[in-house]
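Chemist: Questions regarding the structure given below will be posed in turn.
What follows draws every value from the coordinates through simple rules; no lab data is involved. Just so we're clear, the structure is a prediction, and the values are computed from it rather than from any experiment. In this analysis, Cβ positions are derived from the backbone assuming ideal geometry, glycine residues included, and neighbour counts consider all displayed protein chains.
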Amino acid sequence: MLTRLFGFNPKTHSVGKEITAGITTFLTMSYILFVNPMILNSAGMDFNAVITATALAACFGTLLMAFWVKVPLAMAPGMGLNAFFAYTLVIGEGITWETAMGVVFISGLVFLLLTWLGIREKIVNAIPLSLRLSIPAGIGLFITLIGFQNMDLVVMDDATMIALGEHSAPLVFGLFGILLIVILEARKVRGSILLGILGTALMALLFGHISAPDSLFSVPPSPAPVAFQLDILAALQWGLIGAIFSIMFEDLFDSVGTLVACSYEAGLVEKDGTIKKIDKMLGADAVATLFGSLAGTSTTTTYIESASGIEEGGRSGLTAFVTAILFLAALFFTPIISAVPSYATAPALVAVGIFMFKSITRIPMDSWPDIVAAFLTIVLMPLTYSISLGLTFGFLFWTLLTAVSGKVKKIHPVMWIVAVLSALNLWITAAAF
């Protein structure tokens, strides 16, 4: 039965290892249950309802990987994608979160269409490596800036725009959390980010800065305040084309990069370099995004933390099934999640930013267009407080500089389309101010 349900091979797979792998994957990515509600709450969404939406989206997407694709991969609302939703779309563009959720839904439909037509992989291959690797690095800096703001390490300043924050409890506890996470990570402790969040919250509790929850367990909060509240019609406007485009590309690189990396770890790569079930994996990613937008959360994507479970021996959908069930079980611990303050989750943002920034070491720096485009993409994301603007400038400058350098043939036809859409996005953004 396990073979039919999860692609489990009793000759090469171990039930014990699969269960351990599923638990490991959950521990390494469960921080999203704390962080995603905090980020989306800043966009005006109900905190407790988003906890439920996050868990449901993670469970649904991961079950797709378990039963349909039959691989040891897990999904949840993506970091960076949630920041784009809250800080770029809602706060930056000034649209309602319901409209922004409609944008997520439409982007999910586009993902699905591109996957069915086999275009998704072609788009990724058309984007130069320097830009593909710059995106996670830039998002890493952007998320880190948000983390520093949430712990009052970085504050607004009239003279210098930003400055070092004054001594405060959130700052002290936030720095403690960062130190704890990086030490645990250096010691290769599983679930370092989750332990960092809980450790920081515990310290705040011991020093009387937060109150203990009334109970450890409760009935999961209703997702009604955020579920099925998306406004698709409002999202179908000319001014939001750039936003749909940005989400599409961000999720495109995130999911494909993760799937490639984890597939090598799980032995899912053929001798010719092709990845087994890649179409189903990308399809599951798109369907999960559609479900997540209906449940009330930002774009759902495959998590690189799945690699931790694969390292523990996870090789089939049984690993993903265990992870999915644990996300559902976590809903009964909502009182604990709700009691954690934002400065306790801030260190998790910084840690994720560090992990994402590691991609900078693989950016090719042997040509001027690559250098300029990578630099602008990475720097402008945090400085403009907009992931989409960082992408826009990166795509535009790479295409322009490559063309004037006399290397027009190096530019894939798809990149010309991307450059035109980027220019359109920049024009729309400028016209809004």
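Chemist: Please state the relative contact order of the stretch 294-433 as a whole percent: Cα pairs under 8 Å, 6+ residues apart? Numbers along the way, then the final one.
Modeler: Values: 65 pairs, mean separation 18.8, N = 140.
Answer for the stretch 294-433 is 13 percent.
Chemist: Considering all projection directions equally, how large on average is the shadow of the alpha-carbon convex hull of the stretch 201-252, in square nanometres?
Modeler: Values: hull surface 29.6 nm².
The number I arrive at for the stretch 201-252 is 7.4 nm².
Chemist: State, to one decimal in nm, how far the label point of residue 67 lies from the label point of residue 227, with both points 7 Å from Cα in the Cβ direction.
Modeler: 1.7
Chemist: Can you tell which of 168, 388, 306 shows the greatest fluctuation in a Gaussian network model of the chain with Cα springs below 10 Å?
Modeler: Evaluated over the chain, the most mobile residue of the options is 168.
Chemist: Using the per-residue mean of other Cβ atoms lying within 10 Å as a proxy for protection, in what order, highest first, do the peptides 34-40, 323-329 fall? Please report the intermediate quantities before stating the final value.
Modeler: Numbers: 34-40: 26.7, 323-329: 21.6.
So the order, starting with the most tightly packed, is 34-40, 323-329.
Chemist: Rank these for me by crowding, 97, 427, going from fewest to most other beta carbons within 10 Å. Kindly include the intermediate steps, with their values, before the conclusion.
Modeler: On the way: 97 23, 427 12.
Fewest to most other Cβ atoms nearby, the residues stand as 427, 97.
Chemist: Moving on. Could you rank the peptides 237-245, 338-346 by their average count of other C-beta atoms within 10 Å per residue, with the highest value first?
Modeler: In decreasing order of mean packing, 237-245, 338-346 become 338-346, 237-245.
Chemist: Per-residue ellipticity at 222 nm for the chain, helices alone: DSSP H runs ≥ 4 residues times -39500 (n - 2.57), over residue total, nearest 500 deg cm²/dmol? Could you put the intermediate results ahead of the total?
Modeler: Numbers: 19 runs with 273 residues, N = 433.
Mean residue ellipticity, 222 nm, calculated: -20500 deg cm²/dmol.
Chemist: Taking 35 Å as R0, compute the FRET efficiency from the Cβ-Cβ separation of residue 209 and residue 414 and round it to 0.05.
Modeler: On the way: r = 52 Å, r/R0 = 1.48.
FRET efficiency, residue 209 to residue 414: 0.10.
Chemist: Okay, next question. Cα-based Rg of the stretch 132-217 per 2.2 N^0.38 Å, rounded to two decimals?
Modeler: Values: Rg = 15.5 Å, N = 86, 2.2 N^0.38 = 12.0 Å.
For the stretch 132-217, the normalised Cα radius of gyration comes out at 1.30.
Chemist: Now for a different question. Each residue of the stretch 322-334 in order: what ³J(HN,Hα) in whole Hz does its phi give by Karplus 6.51 cos²θ - 1.76 cosθ + 1.60, θ = phi - 60°, with x for Gly and Pro?
Modeler: 4, 4, 4, 5, 5, 5, 5, 4, 5, 4, 6, 9, 3
Chemist: State the Kirkwood hydrodynamic radius of the stretch 56-188 in Å, one decimal place, computed from all pairs of distinct Cα atoms.
Modeler: Numbers: mean 1/r = 0.0543 Å⁻¹.
One over the average 1/r among Cα pairs gives 18.4 Å for the stretch 56-188.
Chemist: Just to check I understand the Karplus step: with θ = phi - 60° and J = 6.51 cos²θ - 1.76 cosθ + 1.60, what whole-Hz values come out for the stretch 132-141, glycine and proline as x?
Modeler: Whole-Hz 3J(HN,Hα) from phi for the stretch 132-141: 4, 7, 6, 4, x, 5, x, 5, x, 5.
Chemist: As an exercise, use a Förster radius of 30 Å and the Cβ-Cβ distance of residue 159 and residue 368 to find the FRET efficiency, rounded to the nearest 0.05. Show your work: numbers first, answer last.
Modeler: Details: r = 35 Å, r/R0 = 1.16.
About 0.30, to the nearest 0.05.
Chemist: While we're looking at this one, here's another question. Let a ≥ b ≥ c be the square roots of the eigenvalues of the Cα gyration tensor of the stretch 361-425; is it rounded (a/c under 1.5), or, if not, prolate (a/b larger than b/c) or oblate? Before the final figure, lay out each step's value.
Modeler: Working: a/c = 2.34, a/b = 1.24, b/c = 1.89.
Since a/c reaches 1.5 but b/c is at least a/b, the shape of the stretch 361-425 is classed as oblate.
Chemist: I'd like to compare 308-321, 211-224: which one has the highest average count of other Cβ atoms within 10 Å, and what's the full order after that? Walk me through the numbers on the way to the answer.
Modeler: Numbers: 308-321: 25.4, 211-224: 13.2.
Ranking the peptides 308-321, 211-224 by packing returns 308-321, 211-224.
Chemist: Can you list, bin by bin at 10 Å, the percent of alpha carbon pairs in the stretch 1-110, starting at 0?
Modeler: 13, 38, 27, 16, 6, 0
Chemist: When a/c reaches 1.5 or more, the comparison of a/b and b/c decides; with that in mind, is the stretch 291-433 rounded, prolate or oblate per its Cα gyration tensor? Each step should come with its number before you reach the end.
Modeler: On the way: a/c = 2.27, a/b = 1.81, b/c = 1.25.
Judged from the Cα gyration tensor, the stretch 291-433 comes out prolate (a/c at least 1.5, a/b above b/c).
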